[in-house]
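I have placed the structure first, in the form of structure tokens, so that the comments after it can refer back to it.
The values are calculated or read from the model by the stated rules, or taken from the named source; none is laboratory data. Predicted, not measured: the structure shown is a model, and the values here were computed from it. Backbone-built Cβ (ideal geometry, glycine too); neighbour counts: all protein chains shown. Protein only, heavy atoms only, side chains kept; ligands, DNA and RNA dropped before computing areas. Shrake-Rupley method; radii C 1.70, N 1.55, O 1.52, S 1.80 Å.
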Amino acid sequence: MSDGYTVLARRYRPTVFEDVAGQEHVWKTLRNAITEGRVGHAYLFNGPRGVGKTTMARIFAKALNCAKGPTENPCGACETCSAVHDGNDTDVIEMDAASNRSVEDARELREGINYAPLRGRFKIYILDEAHMLTREAFNTLLKSLEEPPPHVKFIFATTEVHKLPDTIVSRCQRFDFRRITVADIVKRLRQVVDGEKLKVGDDVLGAVARSARGGMRDAESLLDQLVSYKAKGLSAEDVASVLGEARGAHLAELTAAVKAGDAAKVFGSLAAIFAGGVDVTAFTDQLLQHFRALLAVKVCGKNAEIVDLPDADLAEAETAAQGFTLEALLYFIQLTLEAKRRIKEGADARLVLEVTLVKMSRAADLVTLKDALRGAIAVAAPATAAASAAAPMAPSGGAPDEAPAPAAPAAEVFGGTPSTLDQARAAWPRVVAAVKEKSPVAAAVLQGARVAKFGGMDIDIALAQAFMLDRAETPKNRAALEAAVQQVFGKKLVVRFALDKGAAPAAAAAPAKPASTTAEATGDPGVRKILETFGGSKVVGIE
């Protein structure tokens, strides 16, 4: 066993500006500043962890103090470059602000800047995690930062720039480092594995890059761990095992079960995932990122910059996203975030995820609260009026006969391509079913609707209520209805909506006396329908 092993993240740390992946906007500016002699005295490097802030600071320090410099291309071979790379140069002082955050530390630094560099051109202070300095320490540095000696340069690095006082930020040239794209991480990891003479597939490097969430150091650390786990024959499944995530096939199977509305298969897929020893927290995060990717593909298409997935995974995400509406994906993300919160609070993780994913599988049954309330009242009122109108009256015009009229037999649904008005009316239930499959909200608009007119190129739909007419004309609902008509009728028709003048409007009945007691309110058919819809048992008050 060797005691001198150096981890990949350190061994392959970039030594020149061009090797810092994903931060071209930073190093190009720094190189130009050196070339044009416009190097400032204070710089602020802000960005997520592991994206190259400290590495960039070291390369910048080498460029300024290189024996051949100042130069935009430090040689990397001189004594100064070697010492800076190893972190032991006397003129490049790296300080961890998390452990050197007091006023005394700041005073010591302030006093040290008055001394000239020992061998380099500049004395360069690199303060990592700068946001950890106390406000008093910042105040101590303020004057030195504003007017330092010509031989002093400051570089602050932080992941939380909002915690730095504005007086400090305003005295620095600020550079915001970006999260590194999957493609850039894969490219850099390929250089690492080639340098190590390892045979690792692009699918493995892609899985490592995705798990790093934009951090190169995290990606290199994970690769180091994977090589220790299995030096030869690494696979994407090995990455999932090491991370405690669900394997790609299991996640795809779970997504398919949700799409199909198959609750039993959801339970089976989750059982297989947990049987593999998947970490619950890691899986919840994986699920959240998965639905985020589907949402991004749904909204933006296969845009690699936004979705940040390799081409093969982009194609899979696009296929998976086709089976969900935008609203459903937003609902899934909301449910997953809620599940993550409950798991963190100590709830049974498996139970929480099972309930969450079964809810997702039933998303097609959901309608908005607004539409549910409207639909409940609209269906109840016409049904009551229609029942009264259908009851046969006594010859004298008094009370209805005791025996109700027999129900009319259900009309047979026409299964072919309609060519006449009668066939169009008989095929109408197929249109409603097609709309419901794609958009339950749009289907609610068609309650009580009928085909009023059918020509070779157009069709008139009569709607039962005025508010349904308004809802049908919204762009989203109209698109769903027109697509269903085209599917059933085999061609695109001009669809017109109108209020059904032959339907018995709710207003045609004698105006009901407003309920004055909770008992009267409970007896109202519309209120009863709302109670049934939302599982209520009684009316607790009237306003």
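Checked against the criterion of being surrounded by 15 or more Cβ atoms within 10 Å (Cβ to Cβ), closer than 18 Å to G248 by Cβ and not acidic (D, E), segment 323-332 has no qualifying residue. Within segment 292-303, track down each residue that is in a helix (DSSP H, G or I), open to solvent by less than 50 Å² (accessible area, probe 1.4 Å) and farther than 10 Å from A320 by Cβ. Passing the criteria: L295, A296. Of the set (1) part of a loop (DSSP other than H, G, I, E, B); (2) farther than 30 Å from F122 by Cβ; (3) open to solvent by less than 10 Å² (accessible area, probe 1.4 Å), all apply to K199 but (3). Going through segment 58-111 one residue at a time, which ones are farther than 18 Å from Y43 by Cα, open to solvent by less than 40 Å² (accessible area, probe 1.4 Å), in contact with a Lys or Arg (Cβ under 8 Å, 6 or more places away or on another chain) and not β-branched (V, I, T)? Across segment 58-111, the qualifying residues are G69, P74, C78, C81.
L531 - would you say it is modelled with pLDDT under 85 and not acidic (D, E)? Criteria met by L531.
Does segment 373-387 contain any residue that is at pLDDT 85 or above, of a type in the set (G, A, S) and more than 30 Å from T181 (Cα to Cα)? No, segment 373-387 contains no residue that is at pLDDT 85 or above, of a type in the set (G, A, S) and more than 30 Å from T181 (Cα to Cα). Of all the residues in segment 106-131, those that are under 15 Å from F156 (Cβ atoms) and touching a strand residue (DSSP E or B) at 6+ places or on another chain (Cβ under 8 Å) number 10. Residue count for segment 311-366 under the criterion of being in a helix (DSSP H, G or I) and closer than 14 Å to V258 by Cβ: the result is 22. The listed residues are L145, L189, L127, and the only one of them that is over 22 Å from A97 (Cβ atoms) and not in a loop (DSSP other than H, G, I, E, B) turns out to be L189.
Taken across segment 211-219, residues that are modelled with pLDDT of 85 or more, open to solvent by less than 60 Å² (accessible area, probe 1.4 Å) and in contact with a Pro (Cβ under 7 Å, 6 or more places away or on another chain) do occur, with at least one present. Residue count for segment 246-263, restricted to those that are farther than 21 Å from V358 by Cβ and crowded, with 18+ Cβ neighbours inside 10 Å: 1. The set of residues in segment 225-241 that are crowded, with 18+ Cβ neighbours inside 10 Å, outside any loop (DSSP other than H, G, I, E, B) and of a type outside the set (G, A, S) comprises L226, V239.
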